[in-house]
């Protein structure tokens, strides 16, 4: 029996989108491509922003307002798409749950761990779906890396390294955020480390700084070392104020096991170098091509996550990015921020 009310096959899944800033356009483009999904409402504190999205995407029948309660009452949707800023996720989710509406939200899950746990508990108490758009999990090439690790061909996993260097000139709220890299972007890479390794975080040491020339107010660069379960160590180096030689948005990865290594630059050609014969000063190695993502693997970026949520509302199948699991990824971010702030090693507690 499903944890949440199921939407019958005979009608579309009805969605209200909250927060009509820059990211909302991507959500609405994806929603147009998902069969059986209808956007019935648009909400933004600055109502003209919602009306602009209504016109842009020809959502003539959608209810538009600055008042989430009023739109939820008028439209009785099945799900809220939460595209608000991180500090608004908690109130948006709890308001939605009070109306009996499930939530699929932008990352990060919340701006603090206590608020995230309160959201998870409220969803469970209400019997509603609550998931997070960790869209970079839904990349066919990270699925190839994950599959190869799971196949055992690398032996026992020991080390993950990820570099992320992009000079991203967003403008807007990110320029003024505290811990902008860690809070707004690093969660993608941290969550990817959990996906690839199949392990959860135990502790972190992190150093954060704002490099000379940064156009951000605070925290555009960071280095972190995580201890994961299973004896795996994950290192992260990143900056959002690094001009020149950018990595991909997926990062540049080295995945090391006892029998070999995967290199992945975030593009379409992850490669594996594995031990063919050992015993000399250097082992004899062979290159292996990573197989394609398995049929049915979760792919498709934002659209893939939205499709999973729609499927969950029809079938009761729990999405991979359900909030009680995503707590572990958020906990990595917040523990890294605490470590950087306090200058010490910090345990990571992602339990709900």
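Nothing in this text is a laboratory measurement; each read-out follows from the coordinates by a stated rule. These numbers were taken from a predicted model, which means no experiment stands behind them. Cβ coordinates were reconstructed from backbone atoms using ideal geometry, including for glycine residues, and neighbour counts include every protein chain displayed.
Take the Cα pairs of segment 198-352, get the Kirkwood Rh, then feed it into Stokes-Einstein at 37 °C and 0.692 mPa s and tell me D in µm²/s.
Numbers: Rh = 18.7 Å.
Translational diffusion coefficient: 175 µm²/s.
Per q in 0.17, 0.22, 0.24 1/Å, what log10 I(q)/I(0) does a Debye calculation on the alpha-carbon atoms of segment 44-114 return?
-0.65, -1.04, -1.19
In nm², what is the average projected area of the convex hull enclosing the Cα atoms of segment 1-136?
8.2 nm²
Counting pairwise Cα distances across the chain, what percent come out greater than 38 angstrom? Could the numbers behind the result be given before it?
Working: 11393 of 61776 pairs.
The calculated P(r) of the chain puts 18 percent of pairs beyond 38 Å.
Which residues in segment 286-315 have a backbone N closer than 16 Å to a point placed 7 Å from the Cα of residue 263 along the Cα-to-Cβ line?
Within reach of a label on residue 263: 286-290.
Give the residues of segment 307-341 whose amide nitrogen is closer than 14 Å to a point set 7 Å from the Cα of residue 178 in the direction of its Cβ.
Only 334-335, 337-341 fall inside the zone, counting backbone N under 14 Å.
Take peptides 278-287, 318-327 and line them up by average Cβ neighbours within 10 Å, highest first, as a rough protection proxy.
Details: 278-287: 9.3, 318-327: 21.7.
Averaged packing, sorted descending, gives the order 318-327, 278-287.
How far is helix 89-98 tilted, in degrees, relative to the longest principal axis of the Cα atoms in the chain, given as a value from 0 to 90 rounded to the nearest 10?
50 degrees
Based on the Cβ-Cβ distance from residue 159 to residue 9, what FRET efficiency comes out when R0 is 45 Å, to the nearest 0.05?
Working: r = 47 Å, r/R0 = 1.04.
That pair, residue 159 with residue 9, gives E of 0.45.
Neighbouring Cβ atoms within 10 Å as the yardstick, rank 84, 261 fewest first. Please list the in-between numbers first.
Values: 84 25, 261 17.
Taking fewest neighbouring Cβ atoms as first place, the list is 261, 84.
Can you give the calculated 222 nm mean residue ellipticity of the chain, where each DSSP H run of n ≥ 4 adds -39,500 (n - 2.57) and the sum is split over every residue, rounded to the nearest 500 deg cm²/dmol? Don't skip to the end; give the middle numbers.
Values: 9 runs with 112 residues, N = 352.
Helix contribution divided over all residues of the chain: -10000 deg cm²/dmol.
Obtain the nm distance between the two label points defined at residue 91 and residue 342 by a simple spin-label model: each point lies 7 Å from its Cα along the Cα-to-C-beta direction.
2.9 nm
Cut-off is 10 Å between beta-carbons; in what order do 166, 79, 262 appear when sorted fewest neighbours first?
Working: 166 18, 79 27, 262 24.
In order of increasing Cβ crowding within 10 Å: 166, 262, 79.
From the square roots a ≥ b ≥ c of the eigenvalues of the alpha-carbon gyration tensor of segment 9-67, which class results: rounded (a/c under 1.5), prolate (a/b over b/c), or oblate?
Details: a/c = 2.08, a/b = 1.59, b/c = 1.31.
Here segment 9-67 falls in the prolate category.
Ranked by Cβ crowding within 10 angstrom, fewest neighbours first, how are 27, 4, 215 ordered?
Ascending Cβ contact count within 10 Å gives the list 215, 4, 27.
In segment 174-260, what is the volume of the convex hull around the alpha carbon atoms, normalised per residue and reported in Å³?
Values: hull volume 8.8 nm³, N = 87.
Here the figure is 101 Å³ per residue.
Report the far tail of the P(r) of segment 89-170, meaning the percent of Cα-Cα pairs longer than 16 Å.
Values: 2189 of 3321 pairs.
In whole percent, the share of Cα-Cα pairs in segment 89-170 beyond 16 Å is 66.
Assuming 0.36 nm per residue, please report the length gained on full extension of the stretch residue 349 to residue 118 beyond their Cα-Cα distance. Write out the running numbers ahead of the final one.
Values: separation 231, 0.36 × 231 = 83.16 nm, distance 1.49 nm.
Here the segment from residue 349 to residue 118 would lengthen by 81.7 nm.
Can you give the FRET efficiency for residue 25 and residue 125, using 1/(1 + (r/R0)^6), R0 = 41 Å, r = Cβ-Cβ distance, to the nearest 0.05? Intermediate values should be presented prior to the final figure.
Working: r = 33 Å, r/R0 = 0.81.
Using R0 = 41 Å, I get an efficiency of 0.80.
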